1. Looking for whichever is more than 29 Å from ARG342 (Cα to Cα), open to solvent by 10 Å² or more (accessible area, probe 1.4 Å) and assigned to a helix (DSSP H, G or I) here; the options are ALA209, ALA162, ALA168. Which one fits?
2. Taking the stretch 233-273 only, how many residues are crowded, with 22+ Cβ neighbours inside 10 Å, assigned to a loop (DSSP other than H, G, I, E, B) and among the β-branched types (Val, Ile, Thr)?
3. Determine whether ASP371 is open to solvent by 50 Å² or more (accessible area, probe 1.4 Å) and in a loop (DSSP other than H, G, I, E, B).
4. For the stretch 287-320, name all the residues that are in contact (Cβ under 8 Å) with a residue 60 or more places away in the chain and either polar (S, T, N, Q) or away from the ligand (no atom under 16 Å from the Cβ) (or both).
5. Which of the following residues is within 17 Å of GLY413 (Cα to Cα) and among the aliphatic types (A, V, I, L, M): LEU383, LEU343, LEU349?
6. Name the residues in the stretch 321-337 that are more than 14 Å from the ligand (Cβ to nearest atom) and of a type in the set (Gly, Ala, Ser), would you?
7. Can you tell me which residues in the stretch 422-436 are free of Cβ contacts under 8 Å to residues at least 60 places away in the same chain and β-branched (Val, Ile, Thr)?
8. Among the residues that make up the stretch 172-180, is at least one of them at pLDDT 95 or above, open to solvent by 10 Å² or more (accessible area, probe 1.4 Å), under 22 Å from the mean Cα position of the chain (by Cα) and not hydroxyl-bearing (Ser, Thr, Tyr)?
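The values are calculated or read from the model by the stated rules, or taken from the named source; none is laboratory data. Just so we're clear, the structure is a prediction, and the values are computed from it rather than from any experiment. Cβ sites come from the backbone with ideal geometry, for glycine too, and all protein chains shown count toward neighbours. For accessibility, only protein heavy atoms count, side chains too; no ligands or nucleic acids. Shrake-Rupley method; radii C 1.70, N 1.55, O 1.52, S 1.80 Å.
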Amino acid sequence: MLDGWVPWPKPLAEKYREEGYWEGRPLDRLLRESAERGPSRTALVDADGNRWTYAELDLRADRMTAGLRRLGIGDGDRVVVQLPNTDAFVVLFFALLRAGAIPVLTLPAHRESEIVHVAEVSGATAYAIPDLHDGFDHRALARAARKAVPGIEHVLVAGDAAEFTALADVDADPVPLPEADPGDVAVLLLSGGTTGKPKLIPRTHDDYAYNVRASAEVCGFDGDTVYLVVLPTAHNFALACPGLLGTLMAGGTVVLSPTPSPEDAFALIERERVTATAVVPPIALLWLDAVEWEEADLSSLSLLQVGGSKLGAEPAARVEPALGCTLQQVFGMAEGLLNYTRLDDPPELVIGTQGRPMSPADEVRVVDEDDRDVPPGESGELLTRGPYTLRGYYRATEHNARAFTTDGYYRTGDLVRILPSGHLVVEGRAKDQINRGGDKISAEELENHILAHPAVHDAAVVGMPDETMGERTCAYLVPRGQAPGQRELAAFLTERGVAAYKLPDRVEVVETFPRTSVGKIDKKGLGRLIADRLRAEGIGGD
Ligand code: OOB
């Protein structure tokens, strides 16, 4: 049993159980049950065309479970997982659950700064990596991480392990093990973050299994579903909404795409007769253009889920005619709450809204700055609680006091309005975060890194409008001497181990920052300033 996480209050947990949201089954059972129902069906296919049946995948997971236990990994141990879209991720994910360990899911793009932080906060004892990915040697990163976090006893490598342990050798004859308590934490997800450092999101077996099961229902996943994983497997959207777990629960087939490029993804859609996939808006835009010249047969595709940042109404309207499939908008968060447009919603709701809450037990409020409910239909901050929304970040007592109301609502930081149908329209953001095409960047985290530069006196990071990404990142600097340019700053941040997607796209140098009446940096003012400047330069904006 993990400590340092905030469980649901007992009466509420009782209610979620009684009303059948929580079924009291460990998350990994979804694979076992599908393997029992259809052992010879294809569970997983990778980009090279390697295929595993349910029986094979289930057995691989069991063998790796035994291998992990032999290494001494299990019983609540946290394991930082940083693997690309490969079979190794899928097998390790289930093996960790079965061994009683807790996967801490990070993105392949994360670097020393993020990995060290996450390993420290989670108290990780192991770290799983690919050898090389996207030209980057993760073993070098593992060496640095181990130096910084000596608690990391094991480094498990998919591929050439060098001095570490090869995942292929984490293998032994299956042993019977006790099942996890479904009320315990199953995985730790990474939050997009709004403060200095990324936060960890505890998801229990009960809550995550419900997240997966209800998503699969809403999206009509069944044994005939062939789901293409395009986003990183570690992202909640691709993993569990319904994603790879929802497909395996339904007995369908998961296909792994190494990248979201139309070349890779379209070829796999044609080859495997893919029926459903999930992307962020910039990828949707890219695909909408690519169908013009790519010749692949996409006729099998029946559902394209788009979420992570706001999809404009114009591209939304182009999805069905261009790709010949149903569009589903998804407004979700790793913290929990999922909003989906429904498959039978009228076009104006599918095109013009970000969906409605997945569960009848989701409670949503829209409030003003004093936490008072706004009149119906008006815009305000979205607060939510429910059977699959966290009650607190892991080991973050102080932050939790601000991120949640006293009665347990999570402050999403999203500005929304609710239509009479219950559908939400995302209107903006109250949180200090940049949403760069679905990748979340905490302004404060980036500012802290930038402030370490010797020629920077002060820094303020804001979003700037961008046609494809929705937003990009602009760093305003007050210099101390000769200010670094965009490239110099990017090199400095990379050297500090900051992930590439967080590097500022643009640097602006000013003498002082505009201030609000209470003396805070006026970020809205800076946002307007850069938007005006882009417009004057003829880039982006209206
Ligand atoms: C998904 O999860 P996260 O944790 O990376 O980011 C959550 C945040 C939301 O609070 C919101 O600010 C933004 O991303 N967001 C959207 C959106 N979907 C997410 N903003 C506008 N429109 C949308 N459709 O991004 C995520 C998790 C599960 C499923 C889908 C997305």
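1. Details: ALA209 fails: more than 29 Å from ARG342 (Cα to Cα); ALA162 fails: assigned to a helix (DSSP H, G or I).
The match here is ALA168.
2. Qualifying residue count for the region: 1.
3. Working: open to solvent by 50 Å² or more (accessible area, probe 1.4 Å): yes; in a loop (DSSP other than H, G, I, E, B): yes.
Yes: the conditions hold for ASP371.
4. Those that are in contact (Cβ under 8 Å) with a residue 60 or more places away in the chain and either polar (S, T, N, Q) or away from the ligand (no atom under 16 Å from the Cβ) (or both): SER300, GLN305, SER309.
5. After applying the criteria, what remains is LEU383.
6. ALA322, GLY324
7. Passing the criteria: only ILE434.
8. Scanning the stretch 172-180 turns up no residue that is at pLDDT 95 or above, open to solvent by 10 Å² or more (accessible area, probe 1.4 Å), under 22 Å from the mean Cα position of the chain (by Cα) and not hydroxyl-bearing (Ser, Thr, Tyr).
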